[in-house]
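Read the structure below first, then the notes.
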Amino acid sequence: TRGHAISPDGSMLMTASSDGYVRVWDMGSGEELARIPVPDPSDGHWLDDTHIVVGNTQGLWTTLTLDLDELIDLAVSRLTRSFTPEECEVYRINPCPELDEIRTR
(Lines give C-alpha, C1' and ligand atoms only; values in the text may rest on other atoms or scores of the structure.)
Protein backbone atom coordinates (compact mmCIF):
# COMPACT_ATOMS: atom_id res chain seq x y z
CA THR A 1 0.00 0.00 0.00
CA ARG A 2 1.34 3.39 -1.02
CA GLY A 3 -1.28 5.55 0.63
CA HIS A 4 -4.38 5.34 2.74
CA ALA A 5 -7.09 7.54 4.26
CA ILE A 6 -10.05 7.05 6.57
CA SER A 7 -13.45 8.43 5.58
CA PRO A 8 -14.76 11.46 7.51
CA ASP A 9 -17.26 9.32 9.43
CA GLY A 10 -14.62 6.67 10.21
CA SER A 11 -16.56 3.85 8.54
CA MET A 12 -14.36 3.29 5.47
CA LEU A 13 -10.68 3.04 4.59
CA MET A 14 -9.28 3.96 1.17
CA THR A 15 -6.00 2.34 0.09
CA ALA A 16 -3.85 3.10 -2.96
CA SER A 17 -1.73 0.15 -4.04
CA SER A 18 1.15 -0.43 -6.43
CA ASP A 19 -1.01 -3.05 -8.20
CA GLY A 20 -2.93 -0.22 -9.92
CA TYR A 21 -6.04 -0.21 -7.74
CA VAL A 22 -7.64 2.06 -5.21
CA ARG A 23 -9.70 0.01 -2.81
CA VAL A 24 -12.37 1.04 -0.35
CA TRP A 25 -12.83 -1.11 2.73
CA ASP A 26 -15.49 -1.34 5.41
CA MET A 27 -13.71 -0.56 8.70
CA GLY A 28 -16.12 -2.69 10.74
CA SER A 29 -16.13 -5.89 8.74
CA GLY A 30 -12.90 -5.56 6.73
CA GLU A 31 -14.91 -6.26 3.55
CA GLU A 32 -13.70 -4.75 0.29
CA LEU A 33 -16.48 -2.42 -0.90
CA ALA A 34 -14.94 -1.12 -4.12
CA ARG A 35 -11.92 -1.76 -6.35
CA ILE A 36 -11.20 1.07 -8.79
CA PRO A 37 -8.43 0.86 -11.41
CA VAL A 38 -6.20 3.93 -11.26
CA PRO A 39 -2.90 4.10 -13.17
CA ASP A 40 -0.05 4.03 -10.65
CA PRO A 41 -1.96 5.38 -7.61
CA SER A 42 0.15 6.86 -4.85
CA ASP A 43 -2.14 8.52 -2.33
CA GLY A 44 -5.67 9.65 -1.68
CA HIS A 45 -7.87 11.78 0.54
CA TRP A 46 -11.56 11.78 1.35
CA LEU A 47 -13.47 14.90 0.31
CA ASP A 48 -16.71 13.79 1.96
CA ASP A 49 -18.52 10.50 2.66
CA THR A 50 -18.81 9.53 -1.03
CA HIS A 51 -15.95 11.30 -2.84
CA ILE A 52 -12.23 10.65 -2.78
CA VAL A 53 -9.40 12.39 -4.57
CA VAL A 54 -6.59 10.11 -5.74
CA GLY A 55 -3.13 11.06 -6.91
CA ASN A 56 -0.70 9.03 -8.94
CA THR A 57 3.09 8.90 -8.90
CA GLN A 58 3.25 11.48 -11.72
CA GLY A 59 1.43 14.02 -9.57
CA LEU A 60 -1.92 13.87 -11.39
CA TRP A 61 -5.01 13.96 -9.18
CA THR A 62 -8.58 12.91 -9.96
CA THR A 63 -11.83 12.91 -8.02
CA LEU A 64 -13.77 9.64 -7.77
CA THR A 65 -17.34 9.18 -6.60
CA LEU A 66 -18.60 6.13 -4.77
CA ASP A 67 -22.24 7.25 -5.07
CA LEU A 68 -24.02 4.85 -7.46
CA ASP A 69 -26.77 7.35 -8.33
CA GLU A 70 -24.16 9.96 -9.23
CA LEU A 71 -22.33 7.42 -11.41
CA ILE A 72 -25.56 6.54 -13.22
CA ASP A 73 -26.37 10.22 -13.75
CA LEU A 74 -22.87 10.81 -15.17
CA ALA A 75 -23.21 7.86 -17.53
CA VAL A 76 -26.67 8.92 -18.69
CA SER A 77 -25.53 12.51 -19.26
CA ARG A 78 -22.90 11.23 -21.67
CA LEU A 79 -25.26 9.08 -23.74
CA THR A 80 -25.59 10.38 -27.27
CA ARG A 81 -27.97 7.69 -28.50
CA SER A 82 -30.32 5.05 -27.18
CA PHE A 83 -29.37 1.43 -26.74
CA THR A 84 -29.88 -0.98 -29.61
CA PRO A 85 -31.94 -4.11 -28.92
CA GLU A 86 -28.71 -6.12 -29.23
CA GLU A 87 -26.96 -3.95 -26.63
CA CYS A 88 -29.91 -4.32 -24.29
CA GLU A 89 -29.63 -8.08 -24.63
CA VAL A 90 -25.85 -8.15 -24.12
CA TYR A 91 -25.95 -5.82 -21.10
CA ARG A 92 -29.16 -7.32 -19.73
CA ILE A 93 -31.10 -4.06 -19.88
CA ASN A 94 -34.75 -4.97 -19.53
CA PRO A 95 -36.92 -3.29 -20.52
CA CYS A 96 -34.78 -1.67 -23.19
CA PRO A 97 -35.23 2.09 -22.56
CA GLU A 98 -35.22 4.86 -25.10
CA LEU A 99 -32.74 7.69 -24.51
CA ASP A 100 -35.49 10.16 -23.55
CA GLU A 101 -36.80 7.71 -20.95
CA ILE A 102 -33.32 7.33 -19.44
CA ARG A 103 -32.81 11.09 -19.14
CA THR A 104 -36.08 11.60 -17.25
CA ARG A 105 -34.96 9.40 -14.34
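The values are calculated or read from the model by the stated rules, or taken from the named source; none is laboratory data. The structure displayed is predicted, hence computed values, not measured ones. For neighbour counting, all protein chains shown are included, and Cβ atoms are generated from backbone atoms with ideal geometry for every residue, glycine included. When the accessible area is computed, the model is the full protein with side chains, heavy atoms only, and any ligands, DNA or RNA have been set aside. Shrake-Rupley method; radii C 1.70, N 1.55, O 1.52, S 1.80 Å.
Descriptive notes on the structure:
- The Cβ shell under 13 Å around LEU60 holds other residues with a net charge of -2, Lys and Arg each +1, Asp and Glu each -1.
- Shape call, segment 8-47: gyration tensor on alpha carbons, a/c limit 1.5: oblate
- Note on the chain: helix-only mean residue ellipticity at 222 nm, from DSSP H runs of 4+ residues weighted -39500 (n - 2.57) and normalised by residue number, equals -5000 deg cm²/dmol.
- Net charge over other residues, Cβ less than 9 angstrom from the Cβ of MET12 (K, R count +1; D, E count -1): -3
- Helix axis angle, 68-77 relative to the chain longest principal axis, alpha carbon, degrees: 50 degrees
- Within the accessible surface of the chain, defined with a 1.4 Å probe on protein heavy atoms only, the carbon and sulfur portion equals 53 percent.
- Rolling a 1.4 angstrom probe over the protein heavy atoms with all chains in place gives the chain an accessible area of 67 Å² per residue.
- Anisotropy class of the chain from Cα gyration tensor, a/c 1.5 cut: prolate
- Label-to-label distance, nm, for residues given as ARG35 and VAL53 (7 Å Cα→Cβ offset): 2.8 nm
- Taking the chain and dividing mean pair separation by its residue count, relative contact order in percent (alpha carbons under 8 Å, at least six apart): 16 percent
- Annotation for segment 12-105: GluC sites (Glu not before Pro) lying in DSSP loop with at most 13 further Cβ atoms inside 10 Å of their Cβ are GLU31, GLU98.
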